[in-house]
Amino acid sequence: MTDRPEIESLLAEQRTFPPVEDAVHVRGMDAYRAMHREALADPGTFWGRVARELVWTRPFTRVVGRPPPAVTWFEDGETNLCWNALDRHVAAGRGDRTAIVWEGEPGEVVAWSYRRLLEETCRFASVLRSLGVRRGDRVAIYLPMVPEAAAAMLACARIGAVHTVIFGGFSAPAVRGRVEDAEACVVVTADGGWRRGKEVALKPAVDEAVEGLACVRHVLVVRRTGTPVAWTPGRDRWWHEERAHASADVAAESLPAEHPLFILYTSGTTGRPKGILHTTGGYMVGVHATARWVFDLRDGDVHWCTADVGWVTGHSYVVYGPLLAGVTTLMYEGAPTHPEPDRFWSIVARHRVRVFYTAPTAIRAFMRLGDAWPARHDLSSLRLLGSVGEPINPEAWAWYHRTIGRDRCPIVDTWWQTETGMILVSPLPGATPTRPGSATLPLPGIDVAVVDAKGRDVPAGHGGLLVVRKPWPAMMRTLWRDDARHREVYWDRFSTPGAPVYLTGDGAVVDPADGYLRILGRVDDVLNVSGHRLSTMEVESAIVAHPAVAEAACVARPDATTGEAVCAFVTLKQGRLPDEATRGSIRAAVEHAIGRFARPADVRFTDALPKTRSGKIMRRLLRDVAAGREVVGDTSTLEDYSVLARLREEDE
Ligand code: WT7
């Protein structure tokens, strides 16, 4: 691979694609600009009007409340997100519409109407209550992509329990850390799920994860694969047994707007994962608005966001956003290329998918598999394509546009984060001309800027740090039980009294011609592999736990498919051999501690790591070595120059 081809071609990218004419939500650039202007000048009126599109059990009188870092939105209002996502549609006579179409990897298809999803949600709520779950209690959800995952989340929202969904690809130790940190009292899981034709065992991982954890009183198990599982009587309950005598009618609780809705763990630069906390009212309003603006959702749409519910994308645009909009959300359990590389396109064709939202890593993988696979299928139902999770290179964008969208569908390259809760930067299909590789413009009311290390605006055309200067409704409220870390990581660096500045941790450049944003990716020690944020620290701690390892440093290197791949530099203890078996067991150790998706693509043995005199590992140098680049820039603080030469030799 040449050195960073995507960055070079990005700079040369000049093609633009016009917006569509038949959009229903935001039509034309003037409409967008008017909304943006009003939302910036008078956020209270703007967001208050958006919020009143939904139902409040107690109307709010204030829209924008306390300023960051301890923000509040709609603070004296009360509502229920589950009610707005389900009951509201049923009450309006839309109960027979399909809420969820689900396809299992082995091929089963299940469709739940809004009425049915409401019933299942109520049953979940009733069972959770019978297991002792009360308002404010945390419930961990560790499930495959099955409709029960959505019902369990909605059930928590209905009774005011706080869900923390843990991606089904995480291993037992990673689950344990999250369950323990959140002090979850119930874990909802399944016997297993299907992935690439194999069963992923979930219940055994939960058994290992909750062993000896006092907070966990019950494990509620959905039967999915039918594989026999170990059972702890009293603690463990089968969902299908509990469901049989559970009420299908549980009232939605009127909850204060700032009542906690969910905690979602994400990687930070140091130490343990951060529990991002989102609350009820603001999150609901932000996701409702952005799902409609960005995907231009309309009656009858089948919306397929391919993300797992374990990531924020699954929360906001598989579950809550589409259901608030009353459309059909599609959930698929398995691998994109199983049993054949055209599984996704077959799903699009069979379920008449209108909106398809996926990650650049998937797009690049499909691109390599060749055009013949999508060509076999009728993709004419598609109206809009989306991308999220990492920068999309223009080649992949262009392929997506031509081969999947057949040159008819606009592409929305949506930039956001677990912390932001909702999309903040994206084209609007009926307003914004798009350009491959650019996330284009901020959504209405989002006050983004690109600044230098001192917080001063950098001129257009120059790279800098992406910041946001005004609060938005779905923003994170804090880090679970760590207000101080929340302030330090996101707010302290540039905020001054009366002028809060939210630090995204991403770099960006503003195009001098049209103000379009090009997101450059993370600026800190966080890896972005296949659109999933991973902290170098977490991977390194998994590696140094290996008995043969003395020291480890992980960096990202560009990877044609996954965007970035993890490259681990490892020094072994005296007398240990840098052989294939050790390399394999180090990769297995990461898989065991975090999950398969975190396994380093490269494990490179070295007798020393490049360090400064104060002992800080010089990751910048390691990144160059990992990418096969010439090491440039300041190496004057490097303690031992010969290390670099030896690292490069390793490569040969
Ligand atoms: C980080 C957030 C938000 C859902 C998925 C990941 C990167 C996200 C884009 C995009 C360039 C992007 C950023 C961001 N990112 N979308 N359209 N273009 N980069 O959520 O795990 O919280 O990661 O993903 O680096 O900070 P997350």
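The values are calculated or read from the model by the stated rules, or taken from the named source; none is laboratory data. Since the structure is predicted, the reported quantities are computational estimates derived from the model, not experimental observations. Backbone-built Cβ (ideal geometry, glycine too); neighbour counts: all protein chains shown.
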In the stretch 81-113, anything among the small types (G, A, S), farther than 16 Å from A150 by Cβ and in contact with a helix residue (DSSP H, G or I) (Cβ under 8 Å, 6 or more places away or on another chain) is listed as G95
Residue among A291, A307 that alone is over 21 Å from G107 (Cα atoms) and touching a helix residue (DSSP H, G or I) at 6+ places or on another chain (Cβ under 8 Å):
A291
Among what's in the stretch 161-181 and is small (G, A, S) and surrounded by 24 or more Cβ atoms within 10 Å (Cβ to Cβ), pick the residue that is modelled with the lowest pLDDT.
G168
Yes or no: D514 more than 16 Å from the ligand (Cβ to nearest atom) and of a type in the set (D, E)?
yes
Taking strands (runs of 3 or more DSSP E) that do not extend beyond the stretch 243-326, which have at least 1 residues that are buried (at least 24 other Cβ atoms within 10 Å of the Cβ) and either of a type in the set (D, E, K, R) or not assigned by TED's automatic domain parsing to the domain that holds T98 (or both)?
274-279
Every residue in the stretch 345-380 that is under 18 Å from P429 (Cβ atoms), out of contact with any His (no Cβ under 8 Å at 6 or more places or on another chain) and not hydrophobic (A, V, I, L, M, F, W, C), please.
T358, S380
What residue, of S535, S530, is hydroxyl-bearing (S, T, Y), within 13 Å of the ligand (Cβ to nearest atom) and at positive phi?
S530
The one condition in (1) closer than 30 Å to L385 by Cα; (2) within 16 Å of the ligand (Cβ to nearest atom); (3) modelled with pLDDT of 95 or more that G300 fails to fulfil
(2)
May I ask you to verify whether F356 is in contact (Cβ under 8 Å) with a residue 12 or more places away in the chain, outside any loop (DSSP other than H, G, I, E, B) and away from the ligand (no atom under 16 Å from the Cβ)?
no
So which residues in the stretch 412-430 are surrounded by fewer than 23 Cβ atoms within 10 Å (Cβ to Cβ) and either away from the ligand (no atom under 14 Å from the Cβ) or not in a loop (DSSP other than H, G, I, E, B) (or both), if there are any at all?
G430
Considering only residues that are in a loop (DSSP other than H, G, I, E, B) and without any contact (Cβ under 8 Å) to a residue 60 or more places away in the chain, look in the stretch 512-530 and name the one that is surrounded by the most Cβ atoms within 10 Å (Cβ to Cβ).
V523
What are the residues in the stretch 359-389 that are at negative phi, within 16 Å of the ligand (Cβ to nearest atom) and either part of a loop (DSSP other than H, G, I, E, B) or among the β-branched types (V, I, T) (or both), if any?
A359, T361, I363, V388
For the stretch 228-246, state whether one or more residues are of a type outside the set (A, V, I, L, M), modelled with pLDDT of 95 or more and within 16 Å of the ligand (Cβ to nearest atom).
no
Return the residues of the stretch 468-498 that are part of a helix (DSSP H, G or I) and more than 24 Å from I519 (Cβ to Cβ); say none if nothing qualifies.
D483, A484, R485, R487
In contact with a strand residue (DSSP E or B) (Cβ under 8 Å, 6 or more places away or on another chain), without any contact (Cβ under 8 Å) to a residue 40 or more places away in the chain and farther than 30 Å from E340 by Cβ, is that true of V162?
no
Read through the list (1) farther than 22 Å from P322 by Cα; (2) crowded, with 21+ Cβ neighbours inside 10 Å, then give the number of the only condition that I100 fails.
(1)
Can you work out which of the residues in the stretch 538-553 that are assigned to a strand (DSSP E or B) and among the hydrophobic types (A, V, I, L, M, F, W, C) is farthest from the ligand (Cβ to nearest atom)?
A550
Can you confirm whether R557 is away from the ligand (no atom under 13 Å from the Cβ), among the basic types (K, R) and under 22 Å from the mean Cα position of the chain (by Cα)?
yes
Can you say whether A140 is in a helix (DSSP H, G or I), hydrophobic (A, V, I, L, M, F, W, C), in the same structural domain as A125 (by TED's automatic domain parsing) and on the phi < 0 side of the Ramachandran plot, as far as the supplied structure shows?
no
Hey, could you check the stretch 113-150 for residues that are of a type in the set (G, A, S) and over 23 Å from the mean Cα position of the chain (by Cα) and say which is surrounded by the most Cβ atoms within 10 Å (Cβ to Cβ)?
A125
Look at R533 and say whether it is under 24 Å from L465 (Cβ atoms), charged (D, E, K, R), crowded, with 16+ Cβ neighbours inside 10 Å and modelled with pLDDT of 90 or more.
no
